[in-house]
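The values are calculated or read from the model by the stated rules, or taken from the named source; none is laboratory data. This one's a predicted model, so the numbers in the text were calculated from it and none came from an experiment. A quick note on method: Cβ atoms are made from the backbone with ideal geometry, for glycine too, and the neighbour counts reach across all protein chains shown. SASA here: full protein model, heavy atoms, side chains in, ligands and nucleic acids out. Shrake-Rupley method; radii C 1.70, N 1.55, O 1.52, S 1.80 Å.
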Amino acid sequence: MSPTLRRSSVFGKLATIMAIMMVVLMLITTGFFVVLVQPTLHGMMSPVTAHVWLLVLSFALLFVVVVTTQRVLQKLLRPLRDLNNGVTRLGEGDLAVTVPLTTRDEFATLTDAFNRMAAGVREMIVTRDRLLIDVSHELRSPLTRMKVALELLPDETQRARLATDVAEMERMISGLLEIERLRAGKGVTLVRQDIIPIIREVVTSYETRPPGLELQLNGVGETVLDVDAEQLRTVMRNLLDNATKYSLPDSRSIRVTVAREDGEAVVRVADDGVGIPSEDMERIFEPFFRVDRSRSKESGGYGLGLSICKRVMEAHGGRIAIERGKQRGATFALALPFPG
């Protein structure tokens, strides 16, 4: 909204309200003199009665002023509350947020600026994601030709080294395409089933890896949810891979726990490894984000695993979060809703 289109002002509204209240106060004061003061001076009303009426009118006037002020300010500041809610939602990652324009004053100008900013951020992220997906699709054909050409290399050592690099590129491209499929809602097939056997199966495959692994069900029995079993396995494997990869020589066993909390099944994976710096916790689920800025192959993958986990959980109507703790290591919580 252009400033030239603004037809009212917050300060103008306040000034109008104050002027109206002053007029009302003058009318009430005039009525007070007519009804109470003059009859008292002429002996038509006793001073005690006049004092009682004075107290009653004073409290009534105070009540009316307080209620009127509260209602007026509540209506006047509603656009500010809407804008605050919009900022909160945008900060939580809701890029589709739009704050409605309900006035034509300074708040409307601020709201319009916020909406344009949110739209710009949304378009920038959509363009970035589209570029990544387009590049991933375009790279598949050259990679296929490279794999064919590698088979013709006479040097086995060089062929093996290049084949490893090509395989890494294929995994990265597959990860990007999987994120896009999940975002489009096409990568999950929900089936109502017990998740305990699925979790137990994945945990069992990691029990022999250092630093060890414990499954704690906390008395939770059969837990039937609407889930895609293979996608849930993918999430658990990603978390357990990270937990074992970033463990320390003296780390305690990784703990996987299952609990029921507030109508949700919550699966936690807690390790005793190097942990995640607090300044990186907000970005840990972004595609290609890695705590190790050097992006060394020895310290991790491509930064797509946790992003895929986030998309899988969202496709299930759930969420994944990293929980802050006083001890070292990291704890990831998976929350899945029970069927309605």
note = Filtering segment 213-228 for residues that are among the small types (Gly, Ala, Ser) and within 25 Å of the chain's Cα centre (by Cα) leaves a count of 0
note = Only one of (1) farther than 30 Å from GLU168 by Cα; (2) modelled with pLDDT of 80 or more; (3) open to solvent by 50 Å² or more (accessible area, probe 1.4 Å); (4) in a helix (DSSP H, G or I) does not apply to ALA119, and that is (3)
request  = Report, ordered by the first and then the second residue, all pairs with beta carbons closer than 6 Å, sequence separation of six or more or different chains, a first member in segment 66-78 that is in a helix (DSSP H, G or I), and a second member that is surrounded by 10 or more Cβ atoms within 10 Å (Cβ to Cβ) and not basic (Lys, Arg).
outcome  = VAL72/ILE17
query = When residues of segment 101-113 are filtered for being at pLDDT 80 or above, open to solvent by less than 30 Å² (accessible area, probe 1.4 Å) and touching a helix residue (DSSP H, G or I) at 6+ places or on another chain (Cβ under 6 Å), how many remain?
reply = 1
ask   = Looking at (1) over 19 Å from GLU180 (Cα atoms); (2) at pLDDT below 75, which is the one condition that is false for LEU139?
value = (1)
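Hey, among the residues in segment 122-136 that are of a type in the set (D, E, K, R) and closer than 24 Å to ASP165 by Cα, which one's modelled with the lowest pLDDT?
Taking segment 122-136 as the starting set, the residues that turn out to be of a type in the set (D, E, K, R) are 122-123, 128-130, 134.
Then drop every residue that is not closer than 24 Å to ASP165 by Cα, which leaves 129, 134.
Details: ASP129: 71, ASP134: 74.
Among those residues, the one meeting the criterion is ASP129.
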ask   = Taking only pairs six or more apart or across chains, which ones have beta-carbon atoms under 7 Å, a first residue in segment 46-63 that is within 16 Å of MET26 (Cα to Cα) and of a type in the set (Phe, Trp, Tyr), and a second residue that is at pLDDT 70 or above and open to solvent by 80 Å² or more (accessible area, probe 1.4 Å)?
value = none
message = Pull out all pairs, ordered by first then second residue, where Cβ-Cβ is under 8 Å, the residues are six or more apart or on different chains, the first lies in segment 113-141 and is under 16 Å from GLY93 (Cβ atoms), and the second is loosely packed, with under 11 Cβ neighbours inside 10 Å.
response = ARG122/ALA96
query = How many residues, within segment 90-100, are open to solvent by 60 Å² or more (accessible area, probe 1.4 Å) and at pLDDT 85 or above?
reply = 2
query = Which one is surrounded by the most Cβ atoms within 10 Å (Cβ to Cβ) among residues in segment 166-182 that are touching a helix residue (DSSP H, G or I) at 6+ places or on another chain (Cβ under 9 Å) and not aliphatic (A, V, I, L, M)?
reply = GLY175
key: Selection within segment 238-250 - open to solvent by 20 Å² or more (accessible area, probe 1.4 Å) and either touching a Pro at 6+ places or on another chain (Cβ under 8 Å) or of a type in the set (A, V, I, L, M, F, W, C) (or both)   = THR244, SER247, LEU248
inquiry  = Against the definition (part of a helix (DSSP H, G or I), free of Cβ contacts under 8 Å to residues at least 60 places away in the same chain and small (Gly, Ala, Ser)), how does GLY175 come out, yes or no?
reply    = no
task = Tell me, yes or no, whether segment 196-218 has at least one residue that is in contact with a Lys or Arg (Cβ under 7 Å, 6 or more places away or on another chain), of a type in the set (Asp, Glu), modelled with pLDDT of 90 or more and farther than 24 Å from GLN327 by Cβ.
result = no
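Mind checking which residues of segment 190-233 are farther than 29 Å from LEU248 by Cβ, in contact (Cβ under 8 Å) with a residue 40 or more places away in the chain and surrounded by 14 or more Cβ atoms within 10 Å (Cβ to Cβ)?
Answer for segment 190-233, where residues must be farther than 29 Å from LEU248 by Cβ, in contact (Cβ under 8 Å) with a residue 40 or more places away in the chain and surrounded by 14 or more Cβ atoms within 10 Å (Cβ to Cβ): LEU190, ILE195, ILE196, VAL220, THR223, LEU225, ASP226, VAL227, ASP228, GLN231.
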ask   = When the residues of segment 264-293 are filtered to those that are in contact with a Phe, Trp or Tyr (Cβ under 6 Å, 6 or more places away or on another chain) and assigned to a loop (DSSP other than H, G, I, E, B), which remaining residue is least open to solvent (accessible area, probe 1.4 Å)?
value = GLY273
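Does GLU156 fit the bill of being within 21 Å of PHE288 (Cβ to Cβ) and either without any contact (Cβ under 8 Å) to a residue 60 or more places away in the chain or surrounded by fewer than 16 Cβ atoms within 10 Å (Cβ to Cβ) (or both)?
On the way: within 21 Å of PHE288 (Cβ to Cβ): no; either without any contact (Cβ under 8 Å) to a residue 60 or more places away in the chain or surrounded by fewer than 16 Cβ atoms within 10 Å (Cβ to Cβ) (or both): yes.
So GLU156 does not fit the description; no.
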